[in-house]
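No lab work stands behind these numbers, since they all come straight from the coordinates. In this text the structure is predicted, and so the values were computed from the model without any measurement. Note that we place each Cβ from the backbone using ideal geometry, even for glycine, and neighbour counts take in every protein chain shown.
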Amino acid sequence: MTDDSPTLHIVYDPLCGWCYAAGPLIQAARRVPGLTLALHGGGMLTGANRRPISTAWRDYVMPHDRRIAQLTGQTFGGAYFDGLLRENGVLLDSAPPTTAILAADAMAGRGLDMLERVQQAHYVEGRRIADPSVLTALAQDLGLDIETFAATYAALEGAHTQAHMEQSRQWLHQWRGRGFPTLALQIGGRVQILDIGAWLGRADDWQQHLVERLDRAGASASASAAAGPLAQASQPPAHADGAACAVPSGAGGLPAC
């Protein structure tokens, strides 16, 4: 993290409902001139934290998903609510879609596009995004060469993806993020956690907010350079095991995925 260009770091998980809630804000941030976006997949449902879909899981997540839809306008399809969430036993595993996002990014800088596509496939289309064949089809939807994608995916799965997720969790803890998603703005050598709760459902306002922050930073670049090392945001610590989404501050409700 030595690049001096302004960077919005996004610690996410493809199976986190609140990361899906933040989707319009991420898309708006992509339109901010001069701002780089960096994805950090945290592996929320991996290893011992993988979960099979069950009636209890469905009953737990559906009220929170409906709350997300109300706050943000994000769509949850019938194929998800009445299809996938009724397929008891289907394993929810964050690692394969995270690998797919890494592969799309390595191939063509399309990691953000793949994140959006896997979220749509899961929450709207009710598809099994832990299935490599589904992920290959999603890559094809993005116009990626499927043979190159399959080879890149194979090279990045396993140890590489695990190392990426561990590094992402280290950033999460260092920044004292609340869980998934955590958005942190880096300008020069300083990093500040951004509270996105107040911006949910207000993507245009959020975009303007980021533009203004970058303008202010540019106007006071010399002062920022003299301000010292990374800022430590005064936020509560992240979940110790990284196994739960966290409601963005101001959104209300309980932690949910």
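Label-point separation (nm) for ALA155 and ASP204, each offset 7 Å from Cα along Cα-to-Cβ?
Inter-label distance under the simple model: 4.3 nm.
By count of other Cβ within 10 Å, fewest leading, how are TYR20, TYR123 ordered?
Values: TYR20 30, TYR123 25.
Arranged by neighbour count, lowest to highest, TYR20, TYR123 become TYR123, TYR20.
Can you work out ³J(HN,Hα) from phi for every residue in the range 163-178, in order, using Karplus 6.51 cos²θ - 1.76 cosθ + 1.60 and θ = phi - 60°, giving whole Hz and x for Gly and Pro?
Going residue by residue, I get 5, 4, 5, 5, 5, 4, 5, 4, 4, 4, 5, 4, 7, 6, x, 8 Hz, with x marking Gly and Pro.
Please give me the summed charge of the neighbours of ARG213: other residues whose Cβ is under 13 Å from its Cβ, Lys and Arg +1, Asp and Glu -1.
-2
Full extension from VAL124 to ARG51: what is 0.36 nm times the residue separation minus their Cα-Cα distance, to one decimal in nm?
Numbers: separation 73, 0.36 × 73 = 26.28 nm, distance 1.97 nm.
Taking 0.36 nm per residue and subtracting the Cα distance, the gain is 24.3 nm.
Please report the antiparallel percentage of the DSSP beta bridges confined to the range 7-225, to the nearest 5. Provide the component values of the computation, followed by the final result.
Working: 12 of 18 bridges.
Counting DSSP beta bridges with both partners in the range 7-225, the antiparallel share is about 65 percent.
Along Cα→Cβ, 7 Å out, is where each label goes; now give me the distance between the ones at ALA219 and ASP145 in nm to one decimal.
Label-label distance for ALA219 and ASP145, simple model: 4.8 nm.
Run the numbers for GLU212 and ARG176: contour at 0.36 nm per residue of separation, minus the present Cα-Cα distance, in nm.
10.5 nm
At 0.36 nm per residue, and after removing the present C-alpha to C-alpha distance, how many nm does the segment from THR36 to ALA137 gain when stretched out fully?
33.6 nm
Could you list the square roots of 5 times each eigenvalue of the Cα gyration tensor of the range 1-130, that is, the equivalent ellipsoid semi-axes, sorted largest first and rounded to whole Å?
The equivalent ellipsoid of the range 1-130 has semi-axes of 27, 17, 12 Å.
Any idea how far apart MET62 and ALA163 come out in nm if each label point goes 7 Å out from Cα toward Cβ?
Here the modelled spin labels are 4.3 nm apart.
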